[in-house]
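Asks: One structure follows; several queries about it will come next.
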Amino acid sequence: MKYLVEKEEKFLLKTVNGCKGKRAERDFIILFLGFNSGLRCSEIIGLNVGDLRFKEKLYVRPEIAKGKKARTIPLNKKLQASIKKLISLKLAWKEGIQDEDPLFISRKRNRLAKRSLENLFEFWCKKAELTMKNEGREKALYTVHSMRHSFAKKLLHRGIALGVIQKLLGHSSLAATGIYVEAGIEEMEEAVNAL
């Protein structure tokens, strides 16, 4: 399970936010949403405008949720502001803003595909130099699913109960959420250095 520590997450978001253009604006909101909601990749791309518009909560519809289990995720104030900005941008970009319209679309004006989401995440990781060399090629250290792991780890580090994290992530059992309790090397180093 790979996740970004908060410093890396902030640097990645700062990198995207520092770029100009429609792609960077859209991608920033996608990443900000991923890091602040714990949504799965399929849930991000499956969102419709109506799932978020004018709401303090995000509704994950059964048809996009794993196991067809709908859930509601409260949105923090910063995320609410980002979504409001996205709706304004969609208007300026002449994209659909009806409730059933996709929240995120591609350059071809179709719903953003899973592979496109994976590619954009990898692109921004490389731009932020969150990479490693693998067989002579530069590879992103993280995958799009790392946003979900980062969200869960962040909550855990803040002392949020595992049962709450389970509900936010949409896990059917506490055992599935238990993977976030396992200590990573960074956490073990931090614990030892705290002595």
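Throughout, read-outs are computed from the coordinates displayed, never taken from laboratory work. Note that the structure is a prediction, hence the values are computed from the model and not measured. Virtual Cβ from ideal backbone geometry, glycine too; neighbours counted across all protein chains shown.
Asks: Rounded to the nearest 500 deg cm²/dmol, what is the calculated helix-only ellipticity per residue at 222 nm for the chain, with -39500 (n - 2.57) per DSSP H run of length n ≥ 4?
Replies: Mean residue ellipticity, 222 nm, calculated: -15000 deg cm²/dmol.
Asks: So who's got an amide H within less than 5 Å of the one on Arg71, skipping anything under 5 residues away but keeping other chains? H placed 1.01 Å off N, in plane.
Replies: Counting only residues 5 or more places away or on other chains, the set is Val60.
Asks: Please build a GNM for the chain, connecting alpha carbons under 10 Å apart, and tell me which residue among Arg148, Arg40, Arg71 fluctuates the most.
Replies: Ranking Arg148, Arg40, Arg71 by mean-square fluctuation puts Arg71 first.
Asks: How big is Rg to Rh over the range 1-89, alpha-carbon atoms, Rh as the Kirkwood inverse-mean-distance radius?
Replies: Here the Rg-to-Rh quotient is 0.97.
Asks: Name the residues whose placed amide hydrogens come within less than 5 Å of the amide hydrogen of Thr143, ignoring near sequence neighbours (fewer than 5 apart) on the same chain.
Replies: Amide H neighbours of Thr143: none.
Asks: Report, in debye and to the nearest 20, how large the dipole of the chain comes out about its Cα centre when Lys and Arg carry +1 and Asp and Glu carry -1 on their Cβ.
Replies: 840
Asks: Using only the alpha-carbon atoms of the chain, report the extent along each of the three principal axes, biggest first, to the nearest angstrom.
Replies: 55, 41, 29
Asks: Work out from phi, with θ = phi - 60° and the Karplus expression 6.51 cos²θ - 1.76 cosθ + 1.60, the ³J(HN,Hα) of each residue of the range 77-82, listed in order in whole Hz, and give x for Gly and Pro.
Replies: 4, 5, 5, 4, 5, 5
Asks: Moving on to the next point. Roughly how many whole Å is it from the C-alpha centroid of the range 8-80 to that of the range 120-152?
Replies: Answer, in whole Å: 18.
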